[in-house]
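A short worksheet on the structure shown next.
The values are calculated or read from the model by the stated rules, or taken from the named source; none is laboratory data. Keep in mind that what you see is a predicted model, and the values were worked out from it rather than measured. Cβ atoms come from the backbone with ideal geometry, glycine included; neighbour counts cover every protein chain shown.
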(Lines give C-alpha, C1' and ligand atoms only; values in the text may rest on other atoms or scores of the structure.)
Protein backbone atom coordinates (compact mmCIF):
# COMPACT_ATOMS: atom_id res chain seq x y z
CA UNK A 1 0.00 0.00 0.00
CA UNK A 2 1.47 3.35 -1.05
CA UNK A 3 0.99 5.50 2.06
CA UNK A 4 4.38 6.85 3.18
CA UNK A 5 5.48 10.50 2.98
CA UNK A 6 9.27 10.91 3.03
CA UNK A 7 11.00 14.17 4.05
CA UNK A 8 14.76 14.60 3.73
CA UNK A 9 17.09 14.85 6.72
CA UNK A 10 20.38 16.61 6.11
CA UNK A 11 22.77 14.60 8.28
CA UNK A 12 22.76 11.19 9.99
CA UNK A 13 22.74 12.96 13.36
CA UNK A 14 20.00 15.47 14.09
CA UNK A 15 21.29 19.03 13.84
CA UNK A 16 20.31 22.69 13.60
CA UNK A 17 19.02 22.36 10.02
CA UNK A 18 16.98 19.23 10.71
CA UNK A 19 15.38 20.79 13.78
CA UNK A 20 14.14 23.77 11.83
CA UNK A 21 13.27 22.33 8.46
CA UNK A 22 11.48 19.28 9.84
CA UNK A 23 9.45 21.56 12.09
CA UNK A 24 8.19 23.12 8.85
CA UNK A 25 7.40 19.77 7.23
CA UNK A 26 3.79 19.60 8.35
CA UNK A 27 3.06 22.76 6.38
CA UNK A 28 4.10 21.06 3.13
CA UNK A 29 3.30 17.36 3.62
CA UNK A 30 -0.21 15.96 3.98
CA UNK A 31 -0.41 13.64 6.99
CA UNK A 32 2.42 11.96 8.89
CA UNK A 33 5.89 11.69 7.45
CA UNK A 34 9.12 9.76 7.91
CA UNK A 35 12.60 11.29 7.82
CA UNK A 36 14.68 9.99 4.93
CA UNK A 37 17.87 9.23 6.89
CA UNK A 38 16.02 7.45 9.68
CA UNK A 39 13.84 5.46 7.28
CA UNK A 40 16.89 4.47 5.24
CA UNK A 41 19.40 3.53 7.95
CA UNK A 42 17.79 0.24 9.05
CA UNK A 43 17.35 -1.07 5.52
CA UNK A 44 19.83 -2.46 3.02
CA UNK A 45 20.26 -0.29 -0.06
CA UNK A 46 18.16 -2.46 -2.36
CA UNK A 47 15.48 -2.78 0.32
CA UNK A 48 15.43 1.02 0.65
CA UNK A 49 14.96 1.46 -3.10
CA UNK A 50 12.16 -1.13 -3.10
CA UNK A 51 10.54 0.72 -0.19
CA UNK A 52 10.63 3.98 -2.15
CA UNK A 53 9.15 2.33 -5.23
CA UNK A 54 6.36 0.40 -3.49
CA UNK A 55 5.37 2.41 -0.40
CA UNK A 56 6.14 6.10 -0.88
CA UNK A 57 3.38 8.41 -2.10
CA UNK A 58 5.33 11.67 -1.73
CA UNK A 59 9.00 12.66 -1.41
CA UNK A 60 9.60 16.21 -0.20
CA UNK A 61 13.00 17.91 -0.04
CA UNK A 62 12.88 20.86 2.35
CA UNK A 63 15.46 23.63 2.03
CA UNK A 64 19.20 23.49 1.60
CA UNK A 65 21.56 23.69 -1.37
CA UNK A 66 21.21 20.01 -2.03
CA UNK A 67 23.76 19.69 -4.85
CA UNK A 68 26.89 21.78 -4.39
CA UNK A 69 30.68 21.49 -4.55
CA UNK A 70 30.68 19.24 -1.45
CA UNK A 71 28.28 16.69 -2.99
CA UNK A 72 30.29 13.56 -3.80
CA UNK A 73 29.66 11.49 -6.93
CA UNK A 74 28.18 8.53 -4.96
CA UNK A 75 25.84 10.93 -3.11
CA UNK A 76 24.74 12.46 -6.41
CA UNK A 77 24.06 9.10 -8.06
CA UNK A 78 22.13 7.90 -5.00
CA UNK A 79 19.89 10.98 -5.05
CA UNK A 80 19.25 10.73 -8.78
CA UNK A 81 18.28 7.06 -8.44
CA UNK A 82 15.92 7.85 -5.55
CA UNK A 83 14.24 10.77 -7.30
CA UNK A 84 13.82 8.81 -10.54
CA UNK A 85 12.37 5.76 -8.79
CA UNK A 86 9.86 7.87 -6.90
CA UNK A 87 8.64 9.44 -10.13
CA UNK A 88 8.52 6.14 -12.01
CA UNK A 89 6.33 4.78 -9.22
CA UNK A 90 3.88 7.65 -9.70
CA UNK A 91 4.66 9.40 -6.40
CA UNK A 92 4.90 13.16 -5.99
CA UNK A 93 8.40 14.73 -5.91
CA UNK A 94 8.66 18.23 -4.42
CA UNK A 95 11.57 20.55 -3.65
CA UNK A 96 10.63 23.38 -1.27
CA UNK A 97 12.75 26.52 -0.88
CA UNK A 98 15.99 25.01 -2.16
CA UNK A 99 19.20 26.68 -3.28
CA UNK A 100 20.31 25.38 -6.68
CA UNK A 101 24.07 25.96 -6.77
CA UNK A 102 25.67 26.99 -10.07
CA UNK A 103 29.18 26.74 -8.61
CA UNK A 104 29.47 23.08 -9.67
CA UNK A 105 30.87 20.94 -12.50
CA UNK A 106 29.03 20.03 -15.71
CA UNK A 107 27.70 16.69 -14.42
CA UNK A 108 26.12 18.39 -11.41
CA UNK A 109 24.68 21.18 -13.55
CA UNK A 110 23.07 18.63 -15.85
CA UNK A 111 21.78 16.74 -12.80
CA UNK A 112 20.16 19.91 -11.46
CA UNK A 113 18.50 20.54 -14.82
CA UNK A 114 17.19 16.97 -14.81
CA UNK A 115 15.83 17.36 -11.28
CA UNK A 116 14.06 20.62 -12.19
CA UNK A 117 12.45 18.82 -15.13
CA UNK A 118 11.58 15.73 -13.07
CA UNK A 119 9.97 17.43 -10.07
CA UNK A 120 6.26 18.09 -9.67
CA UNK A 121 7.07 21.36 -7.94
CA UNK A 122 10.24 23.37 -7.24
CA UNK A 123 10.53 26.60 -5.26
CA UNK A 124 13.81 28.48 -4.88
CA UNK A 125 14.92 30.29 -1.74
CA UNK A 126 17.01 32.96 -3.49
CA UNK A 127 16.72 35.01 -6.66
CA UNK A 128 19.97 33.69 -8.14
CA UNK A 129 18.76 30.07 -8.01
CA UNK A 130 15.35 31.05 -9.33
CA UNK A 131 16.74 32.91 -12.34
CA UNK A 132 19.21 30.13 -13.14
CA UNK A 133 16.74 27.27 -13.19
CA UNK A 134 13.24 28.64 -13.85
CA UNK A 135 13.55 27.82 -17.56
CA UNK A 136 13.88 24.13 -16.63
CA UNK A 137 10.65 24.16 -14.64
CA UNK A 138 8.06 26.68 -15.80
CA UNK A 139 6.17 26.35 -12.54
CA UNK A 140 9.16 27.23 -10.33
CA UNK A 141 8.42 29.92 -7.73
CA UNK A 142 10.59 32.15 -5.55
CA UNK A 143 9.72 31.68 -1.87
CA UNK A 144 12.54 33.15 0.16
CA UNK A 145 13.91 30.99 2.94
CA UNK A 146 11.66 28.26 4.28
CA UNK A 147 12.29 29.31 7.87
CA UNK A 148 10.90 32.77 7.20
CA UNK A 149 7.66 31.16 6.12
CA UNK A 150 7.23 29.67 9.59
CA UNK A 151 8.21 32.40 12.05
CA UNK A 152 6.49 30.47 14.84
CA UNK A 153 9.63 28.37 15.08
CA UNK A 154 11.34 31.35 16.67
CA UNK A 155 8.56 32.48 19.02
CA UNK A 156 9.09 30.20 21.98
CA UNK A 157 8.45 32.66 24.79
CA UNK A 158 12.08 32.47 25.81
CA UNK A 159 12.90 34.47 28.91
CA UNK A 160 15.08 37.43 28.01
CA UNK A 161 18.33 37.94 29.89
CA UNK A 162 20.05 41.13 30.98
CA UNK A 163 23.42 39.50 30.41
CA UNK A 164 25.56 41.34 27.80
CA UNK A 165 26.71 38.68 25.35
CA UNK A 166 27.96 38.56 21.76
CA UNK A 167 26.72 35.52 19.80
CA UNK A 168 29.17 34.43 17.06
CA UNK A 169 28.47 31.67 14.52
CA UNK A 170 30.58 31.73 11.34
CA UNK A 171 31.48 28.85 9.02
CA UNK A 172 32.89 30.38 5.81
CA UNK A 173 36.47 31.51 5.15
CA UNK A 174 35.10 34.36 3.06
CA UNK A 175 33.37 35.73 6.16
CA UNK A 176 36.67 35.99 8.00
CA UNK A 177 38.18 37.84 5.04
CA UNK A 178 35.26 40.27 5.03
CA UNK A 179 35.60 40.74 8.78
CA UNK A 180 39.30 41.55 8.46
CA UNK A 181 38.53 44.12 5.75
CA UNK A 182 35.65 45.71 7.68
CA UNK A 183 36.83 45.53 11.30
CA UNK A 184 35.86 49.14 11.90
CA UNK A 185 32.19 48.11 11.61
CA UNK A 186 32.61 45.92 14.71
CA UNK A 187 34.86 48.19 16.79
CA UNK A 188 32.07 49.04 19.24
CA UNK A 189 31.78 45.32 20.12
CA UNK A 190 35.39 44.98 21.26
CA UNK A 191 35.95 43.21 24.60
CA UNK A 192 32.34 42.00 24.79
CA UNK A 193 31.95 38.61 26.55
CA UNK A 194 31.02 36.17 23.79
CA UNK A 195 29.74 32.72 22.98
CA UNK A 196 30.90 30.73 19.94
CA UNK A 197 28.00 28.47 18.92
CA UNK A 198 28.44 25.44 16.65
CA UNK A 199 25.20 25.12 14.68
CA UNK A 200 25.88 21.83 12.85
CA UNK A 201 28.16 18.80 13.29
CA UNK A 202 29.19 19.32 9.65
CA UNK A 203 32.66 20.95 9.61
CA UNK A 204 32.31 21.74 13.30
CA UNK A 205 36.03 22.36 13.77
CA UNK A 206 36.18 25.00 11.05
CA UNK A 207 33.11 26.69 12.58
CA UNK A 208 34.93 26.87 15.90
CA UNK A 209 38.18 28.10 14.35
CA UNK A 210 36.66 30.88 12.26
CA UNK A 211 34.33 32.09 15.02
CA UNK A 212 37.16 32.04 17.56
CA UNK A 213 39.38 34.10 15.24
CA UNK A 214 36.72 36.80 15.11
CA UNK A 215 36.39 36.81 18.90
CA UNK A 216 40.17 36.98 19.32
CA UNK A 217 40.44 39.86 16.84
CA UNK A 218 37.85 41.79 18.85
CA UNK A 219 39.61 41.01 22.12
CA UNK A 220 36.53 39.17 23.39
CA UNK A 221 36.65 36.44 26.01
CA UNK A 222 34.40 33.57 24.93
CA UNK A 223 32.97 30.15 25.65
CA UNK A 224 32.72 27.63 22.79
CA UNK A 225 29.53 25.55 22.79
CA UNK A 226 28.95 22.43 20.69
CA UNK A 227 25.55 21.96 19.08
CA UNK A 228 23.03 20.05 21.18
CA UNK A 229 19.59 21.38 20.24
CA UNK A 230 17.78 24.08 18.33
CA UNK A 231 16.21 25.23 21.60
CA UNK A 232 19.64 25.89 23.10
CA UNK A 233 20.63 27.95 20.06
CA UNK A 234 17.52 30.10 20.51
CA UNK A 235 18.15 30.50 24.22
CA UNK A 236 21.68 31.74 23.56
CA UNK A 237 20.46 34.17 20.91
CA UNK A 238 17.81 35.43 23.35
CA UNK A 239 20.54 36.04 25.95
CA UNK A 240 22.74 37.91 23.49
CA UNK A 241 23.11 41.61 22.95
CA UNK A 242 24.17 41.16 19.34
CA UNK A 243 24.69 38.44 16.70
CA UNK A 244 27.58 38.04 14.22
CA UNK A 245 27.01 35.29 11.67
CA UNK A 246 27.11 34.13 8.06
CA UNK A 247 24.30 31.63 8.63
CA UNK A 248 20.99 32.97 7.38
CA UNK A 249 18.91 30.94 9.84
CA UNK A 250 20.87 32.35 12.77
CA UNK A 251 20.38 35.85 11.38
CA UNK A 252 16.62 35.33 11.06
CA UNK A 253 16.43 34.00 14.62
CA UNK A 254 18.33 37.07 15.81
CA UNK A 255 15.99 39.50 14.06
CA UNK A 256 12.86 37.73 15.30
CA UNK A 257 14.32 37.89 18.83
CA UNK A 258 14.93 41.65 18.37
CA UNK A 259 18.72 41.47 18.28
CA UNK A 260 21.03 43.58 16.09
CA UNK A 261 22.49 41.17 13.53
CA UNK A 262 25.63 41.47 11.38
CA UNK A 263 25.33 39.07 8.45
CA UNK A 264 28.40 38.37 6.29
CA UNK A 265 28.43 38.40 2.50
CA UNK A 266 25.36 36.38 1.58
CA UNK A 267 23.29 39.09 -0.07
CA UNK A 268 21.96 36.72 -2.75
CA UNK A 269 20.17 34.78 -0.01
CA UNK A 270 18.41 37.91 1.17
CA UNK A 271 16.67 38.31 -2.19
CA UNK A 272 13.12 37.11 -1.77
CA UNK A 273 12.83 37.32 2.03
CA UNK A 274 12.52 41.06 2.55
CA UNK A 275 8.79 40.98 1.85
CA UNK A 276 8.36 38.08 4.25
CA UNK A 277 10.28 39.34 7.26
CA UNK A 278 10.37 42.88 8.62
CA UNK A 279 13.99 43.32 9.74
CA UNK A 280 13.07 46.60 11.49
CA UNK A 281 16.55 48.00 10.83
CA UNK A 282 18.13 45.24 12.93
CA UNK A 283 19.94 43.47 10.06
CA UNK A 284 23.24 44.81 8.69
CA UNK A 285 24.74 43.06 5.66
CA UNK A 286 28.55 43.18 5.75
CA UNK A 287 30.14 42.36 2.40
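Go through region 80-91 and report how many residues are assigned to a helix (DSSP H, G or I) and out of contact with any helix residue (DSSP H, G or I) (no Cβ under 8 Å at 6 or more places or on another chain). I'd like the intermediate steps shown before the answer.
First pass over region 80-91, keeping only residues assigned to a helix (DSSP H, G or I): 80-88.
Now restrict to residues that are out of contact with any helix residue (DSSP H, G or I) (no Cβ under 8 Å at 6 or more places or on another chain): none.
The number of residues fulfilling the criteria is 0.
If I go through region 84-97 residue by residue, how many of them are over 27 Å from residue 19 (Cβ atoms), without any contact (Cβ under 8 Å) to a residue 60 or more places away in the chain and touching a strand residue (DSSP E or B) at 6+ places or on another chain (Cβ under 8 Å)? Going through region 84-97 one residue at a time, the tally reaches 1. Among the residues of region 68-79, those identified as part of a loop (DSSP other than H, G, I, E, B) and touching a residue at least 24 places away in the same chain (Cβ under 8 Å) are 68, 69, 71.
Residue 210: in contact (Cβ under 8 Å) with a residue 40 or more places away in the chain, in a helix (DSSP H, G or I), more than 26 Å from residue 103 (Cβ to Cβ) and not assigned by TED's automatic domain parsing to the domain that holds residue 98, yes or no? So residue 210 fails the test. Screening residue 263 with (1) assigned to a strand (DSSP E or B); (2) touching a residue at least 60 places away in the same chain (Cβ under 8 Å) gives one miss only, at (2).
Of all the numbered requirements in (1) touching a strand residue (DSSP E or B) at 6+ places or on another chain (Cβ under 8 Å); (2) in contact (Cβ under 8 Å) with a residue 40 or more places away in the chain; (3) crowded, with 20+ Cβ neighbours inside 10 Å; (4) part of a loop (DSSP other than H, G, I, E, B), residue 100 misses one, and that requirement is (2).
The set of residues in region 192-207 being part of a loop (DSSP other than H, G, I, E, B) and within 16 Å of the chain's Cα centre (by Cα) consists of 198, 199, 200, 201, 202, 203.
Within region 167-193, can you find the residues that are more than 19 Å from residue 229 (Cα to Cα) and touching a helix residue (DSSP H, G or I) at 6+ places or on another chain (Cβ under 8 Å)? Within region 167-193, 172, 173, 175, 176, 179, 180, 183, 186 qualify. Looking across region 1-15, the residues that are modelled with pLDDT under 85 and in contact with a strand residue (DSSP E or B) (Cβ under 8 Å, 6 or more places away or on another chain) come down to 2, 9.
Say whether the condition of being assigned by TED's automatic domain parsing to the domain that holds residue 259, in a helix (DSSP H, G or I), touching a helix residue (DSSP H, G or I) at 6+ places or on another chain (Cβ under 6 Å) and under 19 Å from residue 172 (Cβ atoms) is met by at least one residue in region 214-223. Yes, there is a match, as at least one residue in region 214-223 is assigned by TED's automatic domain parsing to the domain that holds residue 259, in a helix (DSSP H, G or I), touching a helix residue (DSSP H, G or I) at 6+ places or on another chain (Cβ under 6 Å) and under 19 Å from residue 172 (Cβ atoms).
Please verify whether region 207-215 includes one or more residues that are out of contact with any strand residue (DSSP E or B) (no Cβ under 8 Å at 6 or more places or on another chain) and surrounded by fewer than 15 Cβ atoms within 10 Å (Cβ to Cβ). No: region 207-215 contains no residue that is out of contact with any strand residue (DSSP E or B) (no Cβ under 8 Å at 6 or more places or on another chain) and surrounded by fewer than 15 Cβ atoms within 10 Å (Cβ to Cβ).
For every residue, the table says whether it meets (1) at pLDDT below 85; (2) part of a helix (DSSP H, G or I); (3) buried (at least 19 other Cβ atoms within 10 Å of the Cβ).
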| residue | (1), (2), (3) |
| --- | --- |
| 114 | no, yes, no |
| 122 | no, no, yes |
| 128 | yes, yes, no |
| 133 | no, yes, yes |
| 150 | yes, yes, no |
| 157 | yes, no, no |
| 161 | yes, no, no |
| 164 | yes, no, no |
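Scanning region 61-83 for residues that are touching a strand residue (DSSP E or B) at 6+ places or on another chain (Cβ under 9 Å) and either surrounded by fewer than 17 Cβ atoms within 10 Å (Cβ to Cβ) or farther than 25 Å from residue 147 by Cα (or both) turns up just one, 82.
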